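Enquirer: Questions regarding the structure given below will be posed in turn.
The values are calculated or read from the model by the stated rules, or taken from the named source; none is laboratory data. As the structure is a computational prediction, the values presented were derived from the model and not from experiment. When we count neighbours, we look across all protein chains shown, and the Cβ atoms used for this are built from the backbone with ideal geometry, even at glycine. Just the protein is used for accessible areas: all its heavy atoms, side chains included, with ligands, DNA and RNA removed. Shrake-Rupley method; radii C 1.70, N 1.55, O 1.52, S 1.80 Å.
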Amino acid sequence: KTILKFRKKSEDQRISEISGKMMIQNKRNHGLVEIREQIQEISHQGTINHAQLQTLLSDRNFNLILFDLFDEKGLGILDQPTWYGKLKYWTKANPEEKTKEVQNKLDFIDLIEAITYLVCKENNVTPEHFHKIMSTKGVGKKIIFVLNKDTDSDLGVDDLMSFIMTATRGSQLSVESTERLRKVFSESLGKDKHEISLHEFKKIVPCKDEFFVNRIFHIFDSDQSGYITLANFVETVDQFSSTDDDSKIEFLFNIYDINGDGVLEENNFREVIKACMKENGMDFDEGELSNLASALFWMVLKMEMNQ
């Protein structure tokens with residue numbers, strides 16, 4: 001089966017920056033799906049208590065997935081300053097928070113830094129170190145206290161996922177931009193609404209063919225929860241926020257990459273062309289669609305091979 005990856009001309013024909021970013025994002029999305037599944041398996045009615053969270057944090061597989069989310073480039077180690085930097089971005093996500101709440105978040109990071117120093121001094125953090133740090137008694141309790149403002153009530157699965165998504169990604173967006181996105185999201189949903197379902201999304205993004213609406217929704221729903229949360233929204237906007245051509249190509253690549261595997265197949269072109277034709281009221285039979293998709297695919301592939 002012929003597949004297409006965008007490559008950049010070089011002596012070793014290494015994967016281009018765009019393709020590399022796509023693979024990193026696909027790896028991240030798979031990790032988010034896996035970690036949500038593990039949380040949901042142990043949760044009860046959409047919430048998780050301290051004992052359940054501590055069980056998760058004591059699980060090596062859970063911690064390995066969490067480690068990989070921080071280690072987005074797949075280096076197998078975490079540089080301490082970079083890791084702490086991502087965590088500290090999470091504390092600044094909402095500049096209107098009360099000072100006490102922000103301080104509680106900073107206290108949590110101080111706890112992680114102290115445990116990390118005891119475990120690995122000033123060395124890089126390995127997956128084994130990470131497991132020892134996160135499974136340390138008190139870490140789970142502190143997470144619930146910071147996210148819930150107390151340790152008695154249960155923590156929502158979505159609240160825990162929002163923390164994981166924000167803390168593991170960091171962001172190129174400024175605190176002010178993040179806050180603006182937060183307001184846009186809240187105003188669009190209405191009071192006391194925290195997520196957008198596919199049905200609601202279709203009302204916001206009217207389209208003759210559901211293919212494009214479903215694909216865009218899927219891009220925003222990076223952890224495949226079935227709805228878009230604020231964390232999903234901010235992360236996706238952050239991913240495609242640049243106005244350069246690379247970001248536009250990356251977004252289109254996501255639309256075409258129906259399987260989410262970081263490569264484009266001839267069949268992907270066919271499905272997108274079919275949706276484009278329907279959206280514009282054009283009628284092609286299956287044979288014509290297949291021929292057009294094949295011609296486009298091989299034209300792009302030939303251009304790529306000639307680089």
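Enquirer: So if we plug the beta-carbon distance of Ile24 and Asn61 into 1/(1 + (r/R0)^6) with R0 = 22 Å, what FRET efficiency do we get, rounded to 0.05?
Expert: Approximately 0.55, to the nearest 0.05.
Enquirer: How high is the FRET efficiency between Lys88 and Thr126 when r is their beta carbon distance and R₀ equals 30 Å, given to the nearest 0.05?
Expert: 0.90
Enquirer: Tally up the carbon and sulfur contribution to the accessible surface of the range 26-74 as a whole percent, 1.4 Å probe, everything protein left in place.
Expert: 48 percent
Enquirer: Taking R0 as 22 Å, what's the FRET efficiency between Asp79 and Leu106 from their Cβ-Cβ distance, rounded to 0.05?
Expert: The calculated FRET efficiency here is 0.65.
Enquirer: What is the dipole size for the range 44-138, taken about its Cα centre, with +1 at each Lys and Arg Cβ and -1 at each Asp and Glu Cβ, in debye to the nearest 20?
Expert: 140 debye
Enquirer: Further question on the same structure: Would you list Thr47, Thr178 from the most to the least accessible area, probe 1.4 Å?
Expert: Thr47, Thr178
Enquirer: In the structure shown, do any of Lys88/Lys193; Lys27/Lys88; Lys73/Lys137; Lys27/Lys73 have a Cα-Cα gap over 19 Å, and if so which?
Expert: Lys88/Lys193; Lys27/Lys88; Lys73/Lys137
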